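Reviewing the structure listed below.
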Amino acid sequence: MTNEQDREDRRKHLDLISAAIGRMAGSSSAAKGWSITLAGAAFGVALVRDSWPFIALGIVILAAFAALDVRYLGNERRARSVYDQVADDNSVVPLSLKGLANVSGSSSKWHPNRYTTWSILYFYGPLALVGGALLVFAWLAGPAEESGTSSPCGESSSQQK
């Protein structure tokens with residue numbers, strides 16, 4: 001293999017890894033967008049219906065999307081490590097992504113320190129705190145009373161025949 005062909009293969013390999021990193025970053029961004037949408041909807045329904053289980057559902061949604069986001073960010077970190085290996089010394093098999101599995105730190109292990117990164121803690125943390133505060137408030141306030149409820153048409157139930 002010529003030196004020029006080796007450089008071209010290395011560029012293609014780096015492009016392949018860059019595309020994978022871009023997809024992982026996009027997935028992380030999508031997870032953040034869906035988490036705030038679904039948790040916000042659950043919190044909103046909970047406030048309208050005065051139902052604490054929807055608040056708990058919103059918190060569970062946030063926890064699930066945070067775990068998914070941690071996985072995406074961990075995979076992205078591993079891909080960046082492989083990118084650095086290919087760019088520095090080309091110790092990875094050319095045009096292969098098998099190096100992702102050989103990078104130290106398996107994604108199947110539990111790593112609680114990944115939840116303390118700024119992109120996880122400072123995004124999901126405040127949302128979970130708001131959800132927790134809503135849950136405590138709903139628990140302390142108890143169920144709403146039925147007197148004076150209104151129909152969807154705006155008439156109070158005492159005015160209807």
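Looking at L47, is it closer than 15 Å to F137 by Cα and either part of a helix (DSSP H, G or I) or modelled with pLDDT of 85 or more (or both)?
Yes: the conditions hold for L47.
Residues in region 92-130 that are at pLDDT 80 or above and in a helix (DSSP H, G or I): how many?
13
Out of all the residues in region 20-59, which are surrounded by 14 or more Cβ atoms within 10 Å (Cβ to Cβ) and of a type in the set (V, I, T)?
I21, I36, V45, I55, I59 - these are the residues of region 20-59 that are surrounded by 14 or more Cβ atoms within 10 Å (Cβ to Cβ) and of a type in the set (V, I, T).
Among all residue pairs at least 6 apart or on different chains, which show Cβ distances below 7 Å where the first residue, located in region 50-69, is over 17 Å from P126 (Cβ atoms) and free of Cβ contacts under 8 Å to residues at least 60 places away in the same chain and the second is surrounded by 19 or more Cβ atoms within 10 Å (Cβ to Cβ) and not acidic (D, E)?
Listed pairs, sorted by first residue: F54/A42; F54/A46; L57/A42; L68/A31.
Taking region 1-12, which residues are surrounded by 15 or more Cβ atoms within 10 Å (Cβ to Cβ) and modelled with pLDDT of 85 or more?
Listed by number, the list is empty, since nothing qualifies.
Going residue by residue through region 131-144, is there one that turns out to be surrounded by fewer than 11 Cβ atoms within 10 Å (Cβ to Cβ), at pLDDT below 70, over 19 Å from G22 (Cα atoms) and aromatic (F, W, Y)?
No: region 131-144 contains no residue that is surrounded by fewer than 11 Cβ atoms within 10 Å (Cβ to Cβ), at pLDDT below 70, over 19 Å from G22 (Cα atoms) and aromatic (F, W, Y).
The values are calculated or read from the model by the stated rules, or taken from the named source; none is laboratory data. Bear in mind that the values here come from a model prediction, so they are computed numbers and not experimental data. Heads up, the Cβs are rebuilt from the backbone with ideal geometry, glycines too, and the neighbour counts pull from every protein chain shown.
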